[in-house]
Amino acid sequence: MGPTSQYFEALEDSRRHHAASKTFSGSLLRPHAPFIKEIIDRLGCASILDYGCGKGVQYEWQNNDPIGSIPVGMTIGKFWGIPITMYDPAFPPFAKEPTGKFDIVICTHTLGAIPIGDLPWVIGRLHSLANKAVYVAEKLGPVKKKVFRSPAEMPSGWSADRWREILRANHRSGVELHFAARTIAADGAKTVAREIIGR
């Protein structure tokens, strides 16, 4: 199984959106950084692939919050302490297809932009690139930005249970599979809950 025509349409939409705006900056990675650091340290990971990294701005950001979970003045990359490979097929500087294996593959707020019919092979690709762990994070609830021409074919608005179901169905044994759900309450409060859903 490989990419469908809907995948290539969504990819072209993403490329246009990348070129026309500053979105896809990767800032949504920040709350996940401590969870990923715990995996790196516990499993002894020496390499990481950010699959769907956007423009990569998340790795230029330095924390300036003294009560934050990342030390002041530190970038996410320095906090993790291992080499980071960035991949995003919709952003030319990072569009080169990754090769080889990485101890941990992260895919944050990316699968929600993949047509439903393409999710199995994309999730399979994440596992094929991972030695030890895959970390997937998605926002629960509808996506407000009008990026794609066929939003009905996207998994936006999926519940945590539906995400768990498709992730487990395409999980490869021997790789630790993490799922993080990001929710926004009516009062604007944001929370991230992470769990291991496969080993």
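General remarks:
- Nonlocal Lys pairs with alpha-carbon distance under 13 Å, the chain (8 or more apart, or different chains): 5
- Computed over the chain, the ratio Rg/Rh where both radii use C-alpha atoms and Rh is Kirkwood: 0.93
- In terms of packing, defined here as the mean over residues of other Cβ atoms within 10 angstrom, the peptides 105-111, 69-75, 31-37 line up highest first as 105-111, 31-37, 69-75.
- Cα lying deepest toward the dipole's positive end in the chain, options G157, L49, V72, charges on Cβ: V72
- Note on the chain: antiparallel DSSP beta bridges, both residues inside, total approximately 30 percent of the bridges counted.
- Dipole of the chain, positive end: most advanced residue of L140, F8, S173 [Cβ charges, Cα centre]: L140
- Dipole check for the chain: with +1 at the C-beta of Lys and Arg, -1 at the C-beta of Asp and Glu, and the Cα centre as origin, the magnitude is about 120 Debye.
- Take the Cβ atoms of R42 and E97, set R0 to 25 Å, and the FRET efficiency comes out at 0.30.
- Solvent-accessible surface of the chain, taken per residue with a 1.4 Å probe and all protein chains present: 49 Å².
- Per-residue ellipticity at 222 nm from helix content only, as computed over the chain with -39500 (n - 2.57) for each DSSP H run of at least four residues, stands at -8000 deg cm²/dmol.
The values are calculated or read from the model by the stated rules, or taken from the named source; none is laboratory data. Just so we're clear, the structure is a prediction, and the values are computed from it rather than from any experiment. Reconstructed Cβ throughout: ideal geometry from the backbone, glycine too, with neighbour counts over all protein chains shown. With ligands, DNA and RNA removed, areas are computed over all heavy atoms of the protein, side chains included. Shrake-Rupley method; radii C 1.70, N 1.55, O 1.52, S 1.80 Å.
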